[in-house]
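Input: a single structure, listed below in structure tokens.
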Amino acid sequence: MKKLFVLFVCVFTVVQLYGQQHIRETYPTVRFQCMDNRGDSVVITQEELPVHFELYYDGKRAGLLSPSVYWDNPDLEFGYGSPKTDPRPKSAQAWEAWLCARIIPKEIKDKLNLASRYEDDEISYLCVEHEIQIMVRFDKSGKIIQVDFFFQNRNLYKLVTEDQLMAIYKGIMKNCRLIDGIYRLPSEGIEAKEFELAETYVLEFSPNACLRWAKECQEYHPKTWDAVVKYFDSLEQPK
């Protein structure tokens, strides 16, 4: 009987510890909701939201966008576009790095921790602290309808100002679009069935990882970074 009691206590403790690790934590989120086609009119709200809330939007399902290359090449090994070994100037990683380097104010860049847990690893840019994540929501026509700033670092949340976030929001509205060959709306192709129930689509990226990618690319392959900047800058020029 005594052994059964001890076993019960052990099982109860393990279950309790497991449950504590899987509590749905919430993080401060600043939401910019577009009220017109150009994004000039915006409603800003601040709230606590759970991890992975991006899969839903106003109670409706959303699809998390992946780079086109992952759909078109299902056998592709992870690590495509490593800034240390094989950076691709027209990859999703390069585009996200270019975007963050372009639109994030220096005041925020200086506050971000770009140190990696595995400095010698070729994917060290992924092993940074994801202090803030940016989630851009598109409707089915490809129009941006919302931008969410999801803070996993509460101290950073307290330091960043609404004006600084507004500057990023405006940069996203001006520069963020689904470029052919990098991202696409999953309305056709192999991903269409995967997201057929989705009513909105979410593009999510971490400025910490993106800026680390840019930093490593400039250090190890400066010519490739120059090509990244030249290529994506050219796409923003009036046709």
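The values are calculated or read from the model by the stated rules, or taken from the named source; none is laboratory data. Just so we're clear, the structure is a prediction, and the values are computed from it rather than from any experiment. Cβ sites come from the backbone with ideal geometry, for glycine too, and all protein chains shown count toward neighbours. All accessible areas refer to the heavy atoms of the entire protein, side chains included, with ligands and DNA or RNA removed. Shrake-Rupley method; radii C 1.70, N 1.55, O 1.52, S 1.80 Å.
Return yes or no: is Y70 assigned to a helix (DSSP H, G or I), modelled with pLDDT under 90 and either at positive phi or open to solvent by 10 Å² or more (accessible area, probe 1.4 Å) (or both)?
Working: assigned to a helix (DSSP H, G or I): yes; modelled with pLDDT under 90: yes; either at positive phi or open to solvent by 10 Å² or more (accessible area, probe 1.4 Å) (or both): yes.
For Y70, the condition - assigned to a helix (DSSP H, G or I), modelled with pLDDT under 90 and either at positive phi or open to solvent by 10 Å² or more (accessible area, probe 1.4 Å) (or both) - is met.
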*Which ones in region 16-43 are open to solvent by 50 Å² or more (accessible area, probe 1.4 Å), closer than 24 Å to L156 by Cβ and modelled with pLDDT under 90?*
Q21, I23, R24, E25, T26
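Look through region 193-218, keep the residues that are of a type in the set (D, E) and either touching a helix residue (DSSP H, G or I) at 6+ places or on another chain (Cβ under 8 Å) or modelled with pLDDT of 95 or more (or both), and return whichever of them is most open to solvent (accessible area, probe 1.4 Å). Full working, then the answer.
Here is the first cut: in region 193-218, the ones of a type in the set (D, E) are 194, 196, 199, 204, 216.
This time we only want the ones that are either touching a helix residue (DSSP H, G or I) at 6+ places or on another chain (Cβ under 8 Å) or modelled with pLDDT of 95 or more (or both), so: 204, 216.
On the way: E204: 51, E216: 4 Å².
Among them, the one singled out is E204.
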*When you go through (1) assigned to a loop (DSSP other than H, G, I, E, B); (2) among the polar types (S, T, N, Q); (3) in contact with a Cys (Cβ under 7 Å, 6 or more places away or on another chain) one by one for S187, which number turns out not to apply?*
(3)
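Would you confirm whether any residue within region 143-153 is in contact (Cβ under 8 Å) with a residue 12 or more places away in the chain, within 18 Å of D40 (Cβ to Cβ) and in a loop (DSSP other than H, G, I, E, B)? Show your work before the answer.
Restricting attention to region 143-153, the residues satisfying the condition of being in contact (Cβ under 8 Å) with a residue 12 or more places away in the chain are 143-153.
From the residues that got through so far, the ones that are within 18 Å of D40 (Cβ to Cβ) too are 143-147.
In the following step, the residues that additionally are in a loop (DSSP other than H, G, I, E, B) were identified as 143.
The answer is yes, given that some residue of region 143-153 is in contact (Cβ under 8 Å) with a residue 12 or more places away in the chain, within 18 Å of D40 (Cβ to Cβ) and in a loop (DSSP other than H, G, I, E, B).
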*asked:* Just the residues that are of a type in the set (V, I, T) and either surrounded by fewer than 21 Cβ atoms within 10 Å (Cβ to Cβ) or assigned to a helix (DSSP H, G or I) (or both), please, taken from region 105-132.
replied: I108, I123
